[in-house]
1. Return yes when residue 91 is over 13 Å from the mean Cα position of the chain (by Cα) and either charged (D, E, K, R) or assigned to a loop (DSSP other than H, G, I, E, B) (or both) and no when it is not.
2. Filter the stretch 1-41 for residues that are crowded, with 16+ Cβ neighbours inside 10 Å, more than 15 Å from the chain's Cα centre (by Cα) and in a strand (DSSP E or B) and give the result.
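None of the figures in this text is laboratory data; all of them are computed from the coordinates on show. These numbers were taken from a predicted model, which means no experiment stands behind them. A quick note on method: Cβ atoms are made from the backbone with ideal geometry, for glycine too, and the neighbour counts reach across all protein chains shown.
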Amino acid sequence: MATGLSNKLTGQIGEFLACAELGKRGYIATSFTGNVPEFDLIITNEKLKTIPIQIKTSRSDNWPTKADLWIDITIDDDRKIQIDNGDRKIDNPNLIYICIALDSDLENRKDRFFILVKKDLQIICANNYRYWMNSCNWKRPRNYKSLDNRYCINDLINYENNWALIEKYIR
């Protein structure tokens, strides 16, 4: 299990890698090192147009999230099941996310970047959770209240190096 320090370093590495990649593409990027609730970076172009960006970084092939960020879920304590009440209305559905998979090969590092908007990530996370929960009739095997959810590199493959999305939103 990752420690608090390890998680903090992973997040910090991801934010700085994203800033560097964005700098190579002609943007000024500033990290807030986790001190802003909804986003991690602000980027600006030469015309001073700015946009916020959320960074999610992983040292593996998946990222953790909570299902109730994406789905309106009720916990039925009597039956020890979860009830899907449909997709949650999310704030800032067009917020750009950069999901970074850190390469463990430090010598020949090839970190991977996946760029998508929050509403697309919601679809991925909600579909993954529903698929898994349908297989167990919405009763989690160990802790019926757990909302642990994951999304993987395979879920994001269509968004790899999708830097054009940022250009679309910052023009």
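1. On the way: over 13 Å from the mean Cα position of the chain (by Cα): yes; either charged (D, E, K, R) or assigned to a loop (DSSP other than H, G, I, E, B) (or both): yes.
Answer is yes for this residue.
2. Within the stretch 1-41, 29, 31 meet the criteria.
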